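These notes are about the structure you will find just below.
The values are calculated or read from the model by the stated rules, or taken from the named source; none is laboratory data. Not measured: the values here are computed from a predicted model. With ideal geometry, Cβ positions are generated from the backbone for all residues, glycine too; neighbour counts draw on all protein chains shown. Calculation scope for accessible area: heavy atoms of the full protein, side chains included, ligands and nucleic acids excluded. Shrake-Rupley method; radii C 1.70, N 1.55, O 1.52, S 1.80 Å.
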Amino acid sequence: MTAIVVFIVLCVAAIFVLAMRRAPIWAWAAAAAAAVFVWQTGLSDGDGHEPASGVLGILAWLPVVILAGLSIPALRRAVLIAPLFRKIKGILPRVSATEQEALNAGTIGFDAELFSGQPNWEKLRAVPPIILTEEEKAFLEGPTSELCRMVDDWAIRHTEKAIPEDIWAFVKEHGFLGMLISKEHGGLGFSPQAQSLVLGKIASRSPDVCTIVMVPNSLGPGELIEKYGTPEQKDYYLPRLAKGLEVPCFSLTGPTSGSDAATMRDVGYVTRGRHEGKEVVGIRLSWEKRYITLGPNATLVGLAFRLFDRENILGRGADIGITVALVPATHPGVSIGRRHLPSGTAFPNGPNWGKDVFIPIDWVIGGEKMVGQGWRMLMECLAAGRSISLPSTSAAGAKSLLRNTSAYARIRKQFDLPIGKMEGLEEPLARMVEVAYVNEAARGVTASMVGRGEKPSVISAIMKYQTTERMRRSLNDAMDLHGGRAVCDGPTNYLQSAYQMMPVGITVEGANILTRSLITFAQGALRSHPYLYQEIQACQDADEERGLALFDAAFSKHVSFSLSSMFGAVFHNLTFGLFAHVPEKAYGTAEWYRQLWRAARSFAFVADLTVAVLGGALKTKQKLTGRLADALSELYLLCCVLKRYEDDGKPANDRFIVALAAQNGLYRFQEAMRGTIDNFPVAPVRWLMRAVVFPLGARYRPAPDWLGHKVVELVLSPGEVRDRLTRFIYVTHDVNDPVGLLEAALVKVVAAEVADKKLDRAVRAGQVRRVHGTDWIGEAAAQGVITDGEAHLLREVEQLTARVIAVDHFDPAEVKPHYMTAGHNARAMQSAAE
């Protein structure tokens, strides 16, 4: 019996080794042959076991024969691969043109490492840290800080409800609108990292002002011309855009086409017409667009539309595809509409339209050769731009919220205690610390990836929806911590601008619900899976023989990968990641690398099996794909956290923040995987997933309360941790500025802590009465409770605190909207009806 047990253990070990090492079929055949041979001959021992014989002995060799046969390429292809190839080829839905262009756009980066289940940590470490040139540093500290000092947020979003002319003039004069335009064409030519930090710093002061800088430096005419424009378009438009002589907008969204570009009704027909006195080949356009940022102020309209050539003038057939053109706002037939008011914000946004507008063909970005290439152009630019714009504002917003809220939580007292030290309020503060650290970590790493030429389509989707969602959570936490101080708007309310702008960030550049449920995992599985896309391309190859050969190679590797993922996940989950791969010099982070490796193994297994079982139905299982997107996001963000911690030199106190983020991230990953498995529609697959991923149950837990308490302690006082957590945002110490007042008050409150405790004890003992109409500080000093110096400091604190917690109030006549006359209301209603 002992020999049999040893034999079984060795067989199981061999299976794990072969699977995890992705052994070729011949190795499996050899191992199976050895096992059968030993079973039939080597186990006849004193335990009374006799070798198998007869039918059972013959059947034992059947798996060996099958595996040996499949190891012969020609036989494998004829018996297994060819029938499977033809079946998949017959049922595989054709990928639409827009889907194909979206898949082809961008690059595959570290997301592929996570889908592989065996991330290469050296690739993560090879991403450059945050590096700026001296010119970029000077711009960030000079013009960017000056722009922030100029901003009067209340005047912009309430009094004027528009960006003031002096702000427009400043950003144009200093080249803010041309940060991504190369120096060769008159722009600043800044790196993506620098662009991200400039946008973030402005956003920490005014989301509205940030928007007018962000849009020209994101998906729009400037980037499209820089990458795809003709030499003539570059020479003419780029210097004008860089200097602000042209204000661009990009018109993509229409009433019927938001996320679904295939339903776009904006149309152009190739025809001949007259332009500048000459007959030229051109396009007759009709369109209706809305939600166009900068639209009301634009002088140059970038326009996306479907192009048809019914007379085949261009020789490319009737349906050419989505095309992008540049149309001056003053061109005959172009109508620039009035303003939308997105969440009551002040940045310009509005509709535009045109009917039978003729433009020459050379107004197409890139000229005639680029007609029909619009969707590819947009997706390629979006893959990079979505990694920068909103993640930069979300990271800066989270940092700004943390800095201001932690100061307020230390200054504001209830029950003789700073509210930040009350456990109930400590919990949301700890969440804010985590979000600020994680968002900034991911922002910095992703911007560096873009800076070295990557266009990470999957990672950009993660960044867009995760950073904005986490920022929204931090904003709600900040509002809760401030209470009525945050709800009452006015010149001293430093949260309302972010609160108004937050829904816009959630909605634009792919609404978060769509990005999470349809893009991140669904497209990521195709793009980032090691073999799936190769198999699909092989099945869709017009040359069937070549397609079969490519499918054979990809499918064989896929099978090895699947076995490796399954057995690797089981092994690492049973051993709690003890034997997971850890990079060199991972002092203080080794455990998190182990758990990341373990989690990646589980994710790769579930992702692979999900795609294999659901196939084309994956698009309709959006709750599952949303949860898998969440799981993938947690892996990527935790990788960024470890990368940031190492790049920052592993500051001692930051290890608590890293631990907080890691434990919470792994717990959220676990819950996303549990949700996927518990709701998987195929029961046997569900049982297998659960056995592999949770063989010993769900073991991760959220970060403990003591850890949250520790990280909150680090931010309730001025110091290097608080400064590092909120780096790269605008900070002022001007007491006449609402956030500068917070900074000044925090310093005084901390300095007066000992004296304040003395006074509190005296009040509780009845020695001093602290009520209106009494000088309780003077009384305490007179009784020797505090010194005269402490009394002076406490009076300063009292005055500053009163200003910090004060709430704006107005004469009713000041806030009555006099401009909303009955006639105006009637016109607005009529316009909406039209």
Can you give me the accessible area per residue for region 514-621, using a 1.4 Å probe, in Å²?
40 Å²
Quick one: check the C-alpha center-to-center distance for region 341-372 versus region 501-520, whole angstrom.
22 Å
Heavy-atom accessible area of ASP760 with all protein chains present, probe 1.4 Å, nearest 10 Å²?
10 Å²
What number comes out for the charge environment of GLY568, summing +1 per Lys or Arg and -1 per Asp or Glu over other residues with Cβ under 13 Å away?
+3
Provide the gained length on full extension for the span GLU814 to GLU134, in nm with one decimal, where the gain is 0.36 nm per separating residue minus the Cα-Cα distance.
240.1 nm
Please give the Cα centre distance for region 621-679 versus region 118-182, rounded to the nearest Å.
29 Å
Rounded to one decimal in nm, the spacing of the 7 Å Cα→Cβ label points at PHE37 and LEU578 is 3.4 nm
How long, wide and thick is region 349-417, going by the Cα atoms along their three principal axes, in whole angstroms, largest first?
72, 27, 13
Got the relative contact order for region 154-202 handy, in percent, Cα pairs under 8 Å and 6 or more residues apart?
18 percent
VAL735/ALA126 FRET efficiency (R0 41 Å; Cβ-Cβ; nearest 0.05):
0.35
Using θ = phi - 60° and the Karplus curve 6.51 cos²θ - 1.76 cosθ + 1.60, what whole-Hz ³J(HN,Hα) does each residue of region 468-475 get, with Gly and Pro shown as x?
6, 5, 5, 4, 4, 5, 5, 4
Packing-wise, with mean Cβ within 10 Å as the measure, how do 22-28, 452-458 rank, highest first?
452-458, 22-28
Is the shape of region 197-277 best called rounded, prolate or oblate, per the rule: a/c under 1.5 gives rounded, else a/b larger than b/c gives prolate, else oblate, with a ≥ b ≥ c the square roots of the Cα gyration tensor eigenvalues?
oblate
Value at 222 nm in deg cm²/dmol, rounded to 500, when DSSP H runs of n ≥ 4 in the chain each add -39,500 (n - 2.57):
-18000 deg cm²/dmol
Sequence order, region 453-466: Karplus ³J(HN,Hα) from phi using 6.51 cos²θ - 1.76 cosθ + 1.60, θ = phi - 60°, Hz rounded, Gly and Pro as x, gives x, 6, 10, x, 4, 6, 5, 5, 5, 4, 4, 4, 7, 6
Determine the sum of side-chain charges near VAL807: Lys and Arg each +1, Asp and Glu each -1, restricted to other residues whose C-beta is under 14 angstrom from that of VAL807.
+1
Nearest-20 debye value, region 123-223 charge dipole, Cβ charges on Lys, Arg, Asp, Glu
480 debye
Ranking request for peptides 716-726, 394-404: highest mean number of other beta-carbon atoms within 10 Å first, then the rest in descending order.
394-404, 716-726
Mind jotting down the distance between the C-alpha centroids of region 392-448 and region 286-326, whole Å?
44 Å
Which net charge results for the neighbourhood of HIS558, defined as the other residues with beta-carbon distances under 11 angstrom from its beta-carbon, given Lys and Arg at +1 and Asp and Glu at -1?
-1
Taking 7 Å along the Cα-to-C-beta vector as the label spot, tell me the ALA60-ARG727 distance in nanometres, rounded to one decimal.
6.5 nm
Rounded, prolate or oblate: pick one for region 389-452, where a ≥ b ≥ c are the square roots of the eigenvalues of its C-alpha gyration tensor, a/c under 1.5 means rounded, and failing that, prolate if a/b is larger than b/c, else oblate.
prolate
Rounded to 0.05, the calculated FRET efficiency for the beta carbons of GLU141 and GLN537 at R₀ = 51 Å is 0.55
Starting from 0.36 nm per residue, how many nanometres of slack lie between ARG473 and ALA13 once their C-alpha separation is accounted for?
160.9 nm
List the aspartates and glutamates whose Cα lies under 15 Å from the Cα of LYS748, skipping any in the same chain that are fewer than 8 positions away.
ASP734, ASP756, GLU790, GLU796, GLU798
Long-range amide H partners of SER251, meaning residues 5 or more apart or on another chain whose placed amide H is closer than 5 Å, are GLY302, LEU303, ALA304
In order through region 3-12: 3J(HN,Hα) via Karplus (6.51 cos²θ - 1.76 cosθ + 1.60), integer Hz, x for Gly, Pro
5, 5, 4, 4, 4, 5, 4, 5, 5, 4
Checked against a 21 Å limit on the C-alpha separation, the offending pairs among LYS137/LYS650; LYS399/LYS643; LYS89/LYS623 are LYS137/LYS650; LYS89/LYS623
Accessible surface of the chain, 1.4 Å probe, proportion on carbon and sulfur as whole %:
58 percent
Could you tell me the relative contact order of the chain? Use alpha-carbon pairs under 8 Å, at least six residues apart, and round to a whole percent.
14 percent
Rounded, prolate or oblate: pick one for the chain, where a ≥ b ≥ c are the square roots of the eigenvalues of its C-alpha gyration tensor, a/c under 1.5 means rounded, and failing that, prolate if a/b is larger than b/c, else oblate.
oblate
Quick one: which residues, 5 or more positions from LEU307 or on another chain, have an amide H under 5 Å from its amide H? H modelled 1.01 Å from N in the peptide plane, none for Pro or chain starts.
GLY268, ILE320, GLY321, ILE322, THR323
What is the log10 of I(q)/I(0) for region 113-253, computed with the Debye formula using one identical point scatterer on each Cα and no solvent, at q = 0.15, 0.17 Å⁻¹?
-0.79, -0.94
Under 5 Å between amide hydrogens, which residues at least 5 positions from TYR291 or on another chain qualify, with H placed 1.01 Å from N in the peptide plane?
GLY350
Could you sort the peptides 11-18, 214-221 by per-residue average Cβ neighbour count (10 Å cutoff), highest mean leading?
214-221, 11-18
With only Lys, Arg, Asp and Glu charged, each at its Cβ (+1 for the first two, -1 for the last two), find how big the charge dipole of the chain is about the Cα centre; round to the nearest 20 debye.
1560 debye
